[in-house]
Amino acid sequence: MSLKDFIQEYRKNKRVLFTTPSHSQGGFIVPGSKKMLGERFFECDYSEIEGFDNLSDPNGILKDIQNNAAEIYGAKSAFFLTNGSTSGIIAAMYSILSRNDKVLIARNCHKSVYNGLVLTGAVPVWILPKYNEEWGIYETINLDCLDETLTRNKDIKAFIMTNPTYEGVMSDIYRISAVCKKHNVFLIVDEAHGALWNFHKSLGTPALVQGADIVVQSLHKTAGALNPSSILLVNKDCKIPESRFQEALNLITTTSPSYPILLNIDETINFLNSEKGRLKLLELTKNVNRLIRALKNIPNLEVYQYNNDVTKILIKVVNLSGFELSDLLFSKYKIEDECANEKSVLLLTGIGNEKSKLVKLERALKHLCASNIKITQDETEYKTFKNIEPRVRLTPSIVWGKPFKEISVKYALSLVSMEMICDYPPGIPILLPGEVIKKEHIEYLQDRKTIKVLA
Ligand SMILES: Cc1ncc(COP(=O)(O)O)c(C=O)c1O
């Protein structure tokens, strides 16, 4: 039974609840919310009352819907997350790592991984993926480098990486997981941007299928669910007991999970797994592929195509920096992208992207590229992202809360950073607390006056 059907059945009982939440399933809704959200949203918002279940120790309907999801994904277990992939990533780390355990992390990780380091007390060993200067993005990890790093550091317990990357670049997880297995290292894949992959083969192969131990996905990013609906999936071969994940999640998540979000996660998964879902994804891929073909025919415009998820459209236009292109799309065509860098612009699509929206983008880009826009391309004006090899002086958990002083950036060379320098999006750190400030950091931070350093 779905959570939606369960709630509908429950409502027939007409129980009189003196419990939270105090809006009493819509008995009182502040007027502004009522108008914008509608009564229905409140009607399905319950707490862990008699006859329902408890997300922190599920035994009833929540257990059933999570088991149903696990079956759909081919996982040993599935955990619904009402606090985003952020919570899933931290819980995945907690389930494996203890204080002073070593963990290998691809540097293009989301900042939640850093937060997981602060909380678990684990010690990071960083691995830098290949950086594509032409497009200003990270690509894949070198397998030999992964193998060497794990050979050199026999005590690494887990490897955490993002796949697909923010821009959609896919790695060969089959081979990465084989290397991890050879070294007895758990593989955690942040698949926040790959939530459609389980439901449409042409998008990408899910990391779980390719042998990752733990996978975290954001259903709100591409799969159409409410913010911040996510899921944590555990591989059938993973040796960590289910209870460990539950304990880890219980450390960091609310005791009042949102039932509308849980219901929405359940409905999203069931829809994606249905014939209608399959057709919807077919339509999405057809439309996006059509758009990409059209974009490729526009003079002066280039589309990034290197083993990437087609739902992420990365483009650049001759004579324009990514920032300029982004500004023009916004100011002239009211088109807002996901993010831009000095070279390119990222436009995210997903299940909710109707054809008409894609057509607007195509028209705007055709018009923009035809209109002889020439902006002074002075590369020095733009902050070029630097793929700087980090030097960790103090681990994130040790440096957390330590006293700091704010000094002029130009005097910060060789001191220990107390700041996370991490432009968002994409939220990939350039410098983290506890890391030594290098010459390259100072160059990158030219337009900042000060930086916090360890006192
Ligand atoms: C690669 C990646 N991982 C994890 C996250 C965190 O996901 P959530 O917003 O679901 O917490 C994000 C969010 O932008 C992301 O881009």
Task: Flag for I176 being touching a strand residue (DSSP E or B) at 6+ places or on another chain (Cβ under 8 Å) and at pLDDT 95 or above - done: yes
Open item on the list: Could you check segment 296-331 and list, in sequence order, the residues that are at pLDDT 95 or above, surrounded by fewer than 19 Cβ atoms within 10 Å (Cβ to Cβ) and assigned to a helix (DSSP H, G or I)?
Closed with: K296, D327, F330, S331
Task: Leading residue by the ranking (surrounded by the fewest Cβ atoms within 10 Å (Cβ to Cβ)) among those in segment 69-86 that are assigned to a helix (DSSP H, G or I) and in contact (Cβ under 8 Å) with a residue 60 or more places away in the chain - done: I72
Open item on the list: Here is a check on your reading of the model: is V399 crowded, with 17+ Cβ neighbours inside 10 Å, farther than 30 Å from V103 by Cβ, among the aliphatic types (A, V, I, L, M) and at pLDDT 95 or above?
Closed with: no
Task: Selected residue (criterion: surrounded by the most Cβ atoms within 10 Å (Cβ to Cβ)) from residues of segment 48-57 that are in contact (Cβ under 8 Å) with a residue 24 or more places away in the chain and in contact with a helix residue (DSSP H, G or I) (Cβ under 8 Å, 6 or more places away or on another chain) - done: L55
- [ ] Among the numbered conditions (1) assigned by TED's automatic domain parsing to the domain that holds K357; (2) surrounded by fewer than 19 Cβ atoms within 10 Å (Cβ to Cβ), tell me where V288 comes up short.
- [x] (2)
- [ ] Output the residues belonging to segment 220-244 that are surrounded by 24 or more Cβ atoms within 10 Å (Cβ to Cβ) and either of a type in the set (A, V, I, L, M, F, W, C) or not in a loop (DSSP other than H, G, I, E, B) (or both).
- [x] A223, A225, S230, I231, L232, L233, V234
Task: Output for segment 245-259, where each listed residue is in a helix (DSSP H, G or I) and surrounded by 19 or more Cβ atoms within 10 Å (Cβ to Cβ) - done: F245, A248, L249, Y259
- [ ] Any chance you could count how many residues in segment 1-57 are not in a loop (DSSP other than H, G, I, E, B) and not acidic (D, E)?
- [x] 18
Open item on the list: Out of the residues in segment 147-165 meeting the condition of being within 21 Å of E191 (Cα to Cα) and surrounded by fewer than 23 Cβ atoms within 10 Å (Cβ to Cβ), tell me which one is nearest to the ligand (Cβ to nearest atom).
Closed with: A158
Open item on the list: Being more than 16 Å from the ligand (Cβ to nearest atom), touching a Pro at 6+ places or on another chain (Cβ under 8 Å) and small (G, A, S) is true for just one of S256, S202. Which residue is that?
Closed with: S256
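Being of a type outside the set (D, E), within 16 Å of the ligand (Cβ to nearest atom) and in the same structural domain as W197 (by TED's automatic domain parsing) is the requirement here; does S77 meet it?
On the way: of a type outside the set (D, E): yes; within 16 Å of the ligand (Cβ to nearest atom): no; in the same structural domain as W197 (by TED's automatic domain parsing): yes.
Criteria not met by S77.
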Task: When residues of segment 419-443 are limited to those that are at pLDDT below 90 and buried (at least 19 other Cβ atoms within 10 Å of the Cβ), the one nearest to the chain's Cα centre (by Cα) - done: P426
Task: So P21, is it touching a residue at least 60 places away in the same chain (Cβ under 8 Å) and of a type outside the set (V, I, T) - done: yes
- [ ] Within segment 332-350, track down each residue that is surrounded by 22 or more Cβ atoms within 10 Å (Cβ to Cβ), of a type outside the set (G, A, S) and touching a Gly at 6+ places or on another chain (Cβ under 6 Å).
- [x] N341, K343, V345
TODO: Please go through segment 180-209 and pick out each residue that is free of Cβ contacts under 8 Å to residues at least 40 places away in the same chain and surrounded by fewer than 21 Cβ atoms within 10 Å (Cβ to Cβ).
DONE: K181, K182, H183, N184, K201, T205
- [ ] Filter segment 87-106 down to residues that are within 16 Å of A212 (Cβ to Cβ) and assigned to a helix (DSSP H, G or I) and give me whichever is nearest to the ligand (Cβ to nearest atom).
- [x] I89
TODO: Collect the residues in segment 107-138 that are β-branched (V, I, T) and either outside the structural domain of G168 (by TED's automatic domain parsing) or outside any strand (DSSP E or B) (or both), keeping them in residue-number order.
DONE: V113, V118, T120
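Considering only residues that are over 16 Å from the mean Cα position of the chain (by Cα) and closer than 15 Å to M170 by Cα, which ones fall in segment 212-225?
Correct list: A212 only.
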Open item on the list: I'd like the full set of residues that are polar (S, T, N, Q), touching a strand residue (DSSP E or B) at 6+ places or on another chain (Cβ under 8 Å) and at pLDDT 95 or above, limited to segment 87-111.
Closed with: S87, S95, N100
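The values are calculated or read from the model by the stated rules, or taken from the named source; none is laboratory data. Since the structure is predicted, the reported quantities are computational estimates derived from the model, not experimental observations. Neighbour counts run over all protein chains shown; Cβ positions are idealised from the backbone, glycine included.
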